[in-house]
Amino acid sequence: KTMGGVFNAIDDMQRVVDADLYLMGHTHSKGAVASHPRMRLHSTASGKPIIRSRTPYLGRTGSFLKTYEPGRKAYGVDALYPACSLGTIEFEYTLKRDREDGADNIYLDVRAIS
């Protein structure tokens, strides 16, 4: 599979449900990528319409299964699975604040740490 291929199934989830994070496990792949930014119409506290951008993230959650270990036979060897990076992915959420038209606009800023 290509690097982009492991994210295709997660990308399909975006057509079904609207979310900030789309996560999938099972394949032992690990990584996170930003998806396409989404534009949303919001309004300020005073009712003025504004457009905000939000970028969802796609993530493969990783694994702790060692596919290869010296001196040990495992199913990953028999199945010819590629070696994988062990561990998990991490996302950092930061609460941000903008003042516009005298009103506070509070939102979350997301960053992937893979």
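The values are calculated or read from the model by the stated rules, or taken from the named source; none is laboratory data. Remember, it's a predicted structure, so these values are computed and weren't measured experimentally. With ideal geometry, Cβ positions are generated from the backbone for all residues, glycine too; neighbour counts draw on all protein chains shown.
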Inset, instruction - Examine the range 6-18 for a residue that is in contact (Cβ under 8 Å) with a residue 40 or more places away in the chain and either within 18 Å of Y107 (Cβ to Cβ) or assigned to a strand (DSSP E or B) (or both), and state whether such a residue exists. - result: no
Legend entry - Hey, M39 in contact with a Ser or Thr (Cβ under 8 Å, 6 or more places away or on another chain) and surrounded by fewer than 11 Cβ atoms within 10 Å (Cβ to Cβ) or not: yes
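Hey, any hits in the range 74-90 for a residue that's in contact with a Leu (Cβ under 9 Å, 6 or more places away or on another chain) and surrounded by fewer than 12 Cβ atoms within 10 Å (Cβ to Cβ)?
Our first condition is that a residue be in contact with a Leu (Cβ under 9 Å, 6 or more places away or on another chain); within the range 74-90, this holds for 74, 76, 84, 86, 89.
Next cut, surrounded by fewer than 12 Cβ atoms within 10 Å (Cβ to Cβ) only: none.
Within the range 74-90 (the criterion being in contact with a Leu (Cβ under 9 Å, 6 or more places away or on another chain) and surrounded by fewer than 12 Cβ atoms within 10 Å (Cβ to Cβ)), the answer is no, since none of the residues qualifies.
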Legend entry - Pair list, Cβ < 7 Å and 6+ apart or interchain, from the range 89-107 residues that are on the phi > 0 side of the Ramachandran plot to residues that are exposed (fewer than 11 other Cβ atoms within 10 Å of the Cβ): D101/S46
Inset, instruction - For residues that are under 21 Å from H36 (Cα atoms) and part of a loop (DSSP other than H, G, I, E, B), tally how many sit in the range 57-114. - result: 2
Inset, instruction - Enumerate the pairs (first residue in the range 40-59 and farther than 22 Å from V16 by Cβ; second residue anywhere and hydrophobic (A, V, I, L, M, F, W, C) and modelled with pLDDT under 80) with beta-carbon separation below 7 Å, excluding pairs fewer than 6 apart on the same chain, so at least 6 apart or on different chains. - result: T44/A103; A45/A103; S46/A103
Inset, instruction - Please work out which one of (1) out of contact with any Gly (no Cβ under 8 Å at 6 or more places or on another chain); (2) of a type in the set (F, W, Y); (3) modelled with pLDDT under 90 is the condition Y57 fails and give its number. - result: (3)
Legend entry - Subset of the range 19-40 [modelled with pLDDT of 90 or more, under 9 Å from the mean Cα position of the chain (by Cα) and part of a loop (DSSP other than H, G, I, E, B)]: S35
